Structures are given as C-alpha cells and as structure tokens.
Amino acid sequence: MFQNARRTLGLQVARFRLRNTPHDIVAFTAALSCAKRALLIMPLGNGEFLPTVMVIDMLRRKYGERNLTVVTDGRGTEVNRALPHSTFIRLLNTDLNALFLPHTNVLHQIKQNSYDVAIDLNLDLVLPSAYICRASSAIVRIGFVRKHADVFYNFQIRPDPTLSRRVIYDRLAKCLQMFQAGEVS
C-alpha cells in the first residue's frame, strides 16, 4: 500500500523536477537516421534478455558496441556477453531514493555522455528507467505508451497487449530499422 503512494509521489516529484526541461520539436526521421550514440534501458526487475535480442542486435549494427550505453539492474548477464564492448550502468535498489527516483550518482554516470537516442524497453512505466530516459537529454526518447509516459518520452510506441514480449520487441526493432541511414561495421 505504501509503495503505491511512494510511486505516485515520486511521479509528482519527477514531473516537478522536469517541468523546466524543454521539449524541443524534433524531426524524428532525421534525428534517428543521423544518431551516433544510444542509451538502452533494459527491462528492470525481471532480468529477461531473450525477448530483447532483436532490439540489441539492431542497436549493435546501427551504433556499434562502443557507442552504446546499457542501463541494467545487473541480473541479466546475457546482455553483458552480447555487448562486451558497451558501457554498462548498474541500477540497483540502493541507487534509488524512497520515491523510486535515481540518486544523483546514477544521473551523473548517465550525463557523462551525450546520447542522440534513449530507448526504455520497460513495457510498463517504471519510474526509475523513465526518469533516466528523460534525464539523459537524448534528442529522441523512446518508450511505450502508458499513463504519464508523455512526461518522459517524445516518441511512444503502443504495444499490442495480446502479443508476447518477444513479438513486441521485434516490432520495435523493425520500426526503428525503418529510420536507419547506415550501419556501423
């Protein structure tokens, strides 16, 4: 019961903190096709890797491993093996405050790089990952359509709830591939 109240309060605090962050008008086709660096936020709390394989493979081809930063909760070691040359940021429960917002040390790690694209793979609105996505200052911030998602993402995809996670992520990868101008070798 108290967790829901803390999450709601955390969402309100996040909205208040982010209220002065500008929402630039973005030409998504140009922004995605010219992007050089990406932030990938893996699904938090379930450690699932297999459904996201196509997205990870597409990002590896598009940006190269060295231009990809991955936020994970540390459970999925498979993603570490799939992207051995990428930068990893571990987001543990101890890195969150009482309102489920990331501590400044995590945000500092995120802001050490600039990102053209940030992709949050959590199908539900998970406050820490959504906040990191928005705080990344990426030109394009991609997430799934959920209540309050417009606070954090400027490119939202509506998942079909009748489909499996793997199919939803495969469709996301195919959608993003439409914007690819070139791939890193």
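The values are calculated or read from the model by the stated rules, or taken from the named source; none is laboratory data. Everything quoted here is computed from the prediction, not taken from an experiment. Cβ sites come from the backbone with ideal geometry, for glycine too, and all protein chains shown count toward neighbours.
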Given the conditions (1) within 19 Å of ARG19 (Cα to Cα); (2) touching a residue at least 60 places away in the same chain (Cβ under 8 Å); (3) of a type in the set (Lys, Arg), and given that LYS62 satisfies all but one, which numbered condition is not satisfied? (1)
What's the total number of residues in the range 135-145 that are surrounded by fewer than 22 Cβ atoms within 10 Å (Cβ to Cβ) and in a loop (DSSP other than H, G, I, E, B)? 3
Quick check on this structure: which one of ASN46, ASN105, ASN80 is at pLDDT below 90, surrounded by fewer than 20 Cβ atoms within 10 Å (Cβ to Cβ) and over 20 Å from GLY143 (Cβ atoms)? ASN80
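Conditions (1) touching a Pro at 6+ places or on another chain (Cβ under 9 Å); (2) assigned to a strand (DSSP E or B); (3) in contact (Cβ under 8 Å) with a residue 12 or more places away in the chain; (4) aromatic (Phe, Trp, Tyr), marked per residue:
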| residue | (1), (2), (3), (4) |
| --- | --- |
| PRO128 | yes, no, yes, no |
| CYS133 | no, no, yes, no |
| LYS147 | no, no, yes, no |
| ILE168 | yes, no, yes, no |
| PHE179 | no, no, yes, yes |
